[in-house]
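The values are calculated or read from the model by the stated rules, or taken from the named source; none is laboratory data. Computed from a predicted structure; not experimentally measured. All Cβ positions, glycine included, derive from the backbone under ideal geometry; neighbour counts span all protein chains shown. The accessibility values were calculated without ligands, DNA or RNA, using every heavy atom of the protein model including side chains. Shrake-Rupley method; radii C 1.70, N 1.55, O 1.52, S 1.80 Å.
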Amino acid sequence: MFNMIAITVLLFIISLLMITKGADWFVESAVSISEKSGIPKVIVGATIVSFATTSPEFAVSATAALLGHTDMTVGNAVGSVTCNIGLILGSVLAVKAASVDVESFIRKGFFMALAGITLIVVSLDQHISKTDGIILLIIFVGFLYYNYKLQRAIFDGPEKVERVPLNEMRRDIVYFLIGAILVVIGSRIMVNSGIELARIVGIPEMIISLTLVAFGTSLPEFITAISSTMKGHQDLSIGNIIGANTMDITLILGVCAQIASLEILGQSTSYDFPAMLVFIFLLLMFGVTKKRLERWEGAFMVVLYGLYVAGLMMWYA
């Protein structure tokens, strides 16, 4: 038993090192691609970076759906949204306040809020069917189309931005891919080792998926947000989290619903989904006031997330 715990802890530490170094390359190359291509970092964060950082959630949720563990599929996706806003973004903001481009923030936040509300509506019958999944995927396509149109407007507008040839970004692209691979693989190892440690002390699977698995698969967003903040690129981390949350709900649950019908527990409809929506609207409300996200607002979201987890343990563990 001791050897098993020791190996699991060692894997956990190795995965953390992989994620840390991978995220460093990941953010640096993403910012470099943004500057060379002329695409604003908030757009890069909401699309390219979000695709890469949500891949652990997608892999875990899709695998769980294939194996029939739909509780983990839903818990991981919804728990990641709550974790992204409450713990990850909240922690980053508690350290350093961030300015907000209100117009862009509201438009991207609209898709995130629409995704959350739609999820609750389609779940009223206690399951997410293939048709419900298609509805979520339509919102995802709309989100992608909006970002595509925004990018075209930048390149084709009155003040056209000159594109840098692709071969001049080859090194950045290589480091971006290597960094993304390290982050994704490291996150997967950390999730597996974390779950094994949690099972040793007897934590229920649903609680694991909403907390440990959600945090583990959200580690790319967490490390990316920390790295972006330390390097002075908070607009990248905010755009990444908004984009990741939209994808967690629409892309991941939309695709997983095509794999298997996702049953929704009473706990989700009465506690987890409302909590997710509270965090979404809290972030939007804080972002549009004073055109800033203040440190105290970040600290408040962290405390609220702590209360949410405490409620899970108290009422559902």
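Looking across segment 3-22, just one residue is over 16 Å from Val191 (Cβ atoms) and among the small types (Gly, Ala, Ser), and that is Ala6.
In summary, Met230 fulfils each of the numbered conditions (1) in contact (Cβ under 8 Å) with a residue 12 or more places away in the chain; (2) under 23 Å from Ser34 (Cα atoms) with the single exception of condition (1).
Taking the criterion of being farther than 18 Å from Tyr316 by Cα, open to solvent by 50 Å² or more (accessible area, probe 1.4 Å) and in contact with an Asp or Glu (Cβ under 9 Å, 6 or more places away or on another chain), the residues of segment 191-244 that qualify are Lys231, Asp235.
Annotation note: of Asp132, Asp125, the sole residue that is modelled with pLDDT of 90 or more and open to solvent by 60 Å² or more (accessible area, probe 1.4 Å) is Asp125.
Within segment 91-99, is even one residue within 25 Å of Phe58 (Cβ to Cβ) and either among the basic types (Lys, Arg) or touching a residue at least 24 places away in the same chain (Cβ under 8 Å) (or both)? The answer is yes; a qualifying residue exists.
Among Leu277, Leu282, which is the only one that is more than 16 Å from the chain's Cα centre (by Cα), farther than 22 Å from His69 by Cα and at pLDDT 85 or above? Walk me through it before giving the result.
Numbers: Leu277 fails: more than 16 Å from the chain's Cα centre (by Cα).
After ruling out the rest, the residue left standing is Leu282.
Scan segment 174-184 for residues that are open to solvent by less than 80 Å² (accessible area, probe 1.4 Å), aliphatic (A, V, I, L, M) and under 22 Å from Ala59 (Cβ atoms) and the total you get is 5.
Could you grab me the full set of residues in segment 93-150 that are small (Gly, Ala, Ser) and closer than 27 Å to Lys231 by Cα? So that I can check it myself, show each step before the final result.
Kept after step one, since they are small (Gly, Ala, Ser), are these residues of segment 93-150: 94, 97-99, 104, 109, 113, 115-116, 123, 129, 133, 142.
Within segment 93-150, Ala94, Ala97, Ala98, Ser99, Ser104, Gly109 qualify.
Note on segment 98-122: residues that are in a helix (DSSP H, G or I), open to solvent by 30 Å² or more (accessible area, probe 1.4 Å) and among the charged types (D, E, K, R) amount to 2.
Listed here are the residues, each with its yes/no results for (1) in contact with a helix residue (DSSP H, G or I) (Cβ under 9 Å, 6 or more places away or on another chain); (2) open to solvent by 50 Å² or more (accessible area, probe 1.4 Å); (3) in contact (Cβ under 8 Å) with a residue 12 or more places away in the chain.
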site: Met247; (1), (2), (3): yes, no, yes
site: Cys256; (1), (2), (3): yes, no, yes
site: Ser261; (1), (2), (3): yes, yes, yes
site: Ser268; (1), (2), (3): yes, no, yes
site: Phe273; (1), (2), (3): yes, no, yes
site: Leu283; (1), (2), (3): yes, no, yes
site: Lys291; (1), (2), (3): yes, yes, yes
site: Ala299; (1), (2), (3): yes, no, yes
site: Leu307; (1), (2), (3): no, yes, no
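Say whether the condition of being at pLDDT 85 or above and β-branched (Val, Ile, Thr) is met by at least one residue in segment 148-157. Within segment 148-157, none of the residues are at pLDDT 85 or above and β-branched (Val, Ile, Thr).
The sole residue among Ala65, Ala46, Ala30 that is farther than 18 Å from Phe215 by Cβ, buried (at least 17 other Cβ atoms within 10 Å of the Cβ) and modelled with pLDDT under 70 is Ala46. Need pairs with beta-carbon distance below 6 Å; first residue within 18 Å of Ile264 (Cβ to Cβ) and touching a residue at least 12 places away in the same chain (Cβ under 8 Å) and within segment 125-146, second outside any helix (DSSP H, G or I) and not basic (Lys, Arg); sequence gap 6+ or separate chains. Matching pairs, first to second residue: Gln126/Ile264; His127/Ser261; His127/Glu263; His127/Ile264; Ile128/Leu262; Ser129/Ser261.
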